[in-house]
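The values are calculated or read from the model by the stated rules, or taken from the named source; none is laboratory data. Because the structure is predicted, anything quoted here is derived from the model rather than measured. Here Cβ is always computed from backbone atoms with ideal geometry, including for glycine, and neighbour counts include all displayed protein chains. Accessible surface areas use protein heavy atoms only, side chains included; no ligands, DNA or RNA. Shrake-Rupley method; radii C 1.70, N 1.55, O 1.52, S 1.80 Å.
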Amino acid sequence: MLFFPNAKINIGLNIVSKREDGYHNLETIFYPIGWKDVLEIIPSSTPGFKCTGITVEGGENLCEKALKLLKADYDIPDVFIHLHKNIPTGSGLGGGSSDAAFTLIGLNQQFNLGISNEELKGYALRLGADCPFFIDNVPSFASGVGEELIPVNIDLKGHHLVVVKADVFVSTSKAFSGVTPKPSDFSLVDEIQKPLSDWRLKNDFEDSIFEHHPKLLAIKNTLTEAGAIYTSMSGSGSSIYGLFSSKPPLSFNDEAVFYQQL
């Protein structure tokens, strides 16, 4: 069976506080977008995993980890998993988390395991903080470490989305070290009900990351100058996106670019 794990963007991202376990509490809006990988799960007498497309780092892939999680609790036959990567790695778009979540969803569907979405979210959380989002895969307000999810109404219909992934690596640990946690002054859920031009939303990672990676700030400025109503970095980087009222005449030389009319 074929599945198509999709990416997400963060609309607003507040680092609220540091937890006793060393992680951080955050607030953000997760919004699913159409940039997708391709995931194939095939029953096979020669089980294994293969990844094509964009090169990923070695070691056990999250898809393999997802399979092991379910195999520990369910009688699943041997399978071969082929993942074709289109979503850039290290982009703040959640591609790896989506791949893992869709592996859980795919195995559940293909082998009629009868696992509820709430149970799937529990498995997903063991794979990554933002993995549970991709189970329901609807716009959601996320809090905690990203696992506490409440669906939200946000109307971006008709807007044009441009996502630009620069050839820049952003260390997640360094990204967090550059932020001083503080509660937000306003509700993200209330803010997204306003027109885009009135949004006060910001990604708390941007200031320190842009200082170390001015190329990302340059991309954001390019999107703004091209007429973006709202621009932001997604997650801890390194993708920058813009929301436009019409398709912008943009051209980037060395960056991966995704376009979607919402």
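Quick notes on this structure:
- Kirkwood estimate for the chain, i.e. one over the average of 1/r between Cα atoms, Å: 19.1
- Relative contact order [Cα under 8 Å, 6+ residues apart], region 136-195, whole percent: 32
- Surface accessible to a 1.4 Å probe, per residue, for the residues of region 75-234, Å²: 45
- Averaging the sequence gap over all C-alpha pairs within less than 8 Å and six or more residues apart, then dividing by the number of residues, gives the chain a relative contact order of 24 percent.
- Helix-derived mean residue ellipticity, 222 nm - over the chain, DSSP H n ≥ 4, -39500 (n - 2.57), to 500: -7500 deg cm²/dmol
- Mean Cβ count within 10 Å, highest first, over the residues of peptides 246-253, 190-197: 190-197, 246-253
- Cα convex hull, region 159-243: 95 Å³ per residue, rounded to a whole number.
- Stokes-Einstein translational diffusion, region 77-143 - Kirkwood Rh over all Cα pairs, 1.306 mPa s, 10 °C, in µm²/s: 125
- For the peptides 17-23, 215-221, residues were scored by their other Cβ atoms within 10 Å and the scores averaged per peptide; the highest-first order is 215-221, 17-23.
- Cα-projected label distance for residue 153 with residue 191, points at 7 Å along beta-carbon direction, nm: 2.1
- Peptides 165-177, 87-99, 126-138 ordered by packing proxy, namely the average of other Cβ atoms within 10 Å per residue, highest first: 87-99, 126-138, 165-177.
- Relative contact order %, region 29-120, counting alpha carbon pairs below 8 Å whose residues are six or more apart: 39
- Nonlocal amide H pairs with residue 152, under 5 Å, H built at 1.01 Å: 140, 141
- Relative to one another, the C-alpha centroids of region 44-98 and region 154-230 are positioned 29 Å apart.
- Within region 203-262: Cβ-based charge dipole about Cα centre, in debye rounded to nearest 20 (Lys, Arg +1; Asp, Glu -1): 260
- Rg/Rh, computed from the Cα trace of region 1-149 with Rh as the Kirkwood radius, has the value 0.97.
- Dipole of the chain [Lys/Arg +1, Asp/Glu -1 at C-beta], most positive-end residue of 88, 173, 223: 223
- Taking the C-alpha atoms only, the angle from helix 95-110 to the longest principal axis of the chain is near 40 degrees.
- Kirkwood hydrodynamic radius of region 97-236, from inverse mean 1/r over distinct Cα pairs, in Å: 17.4
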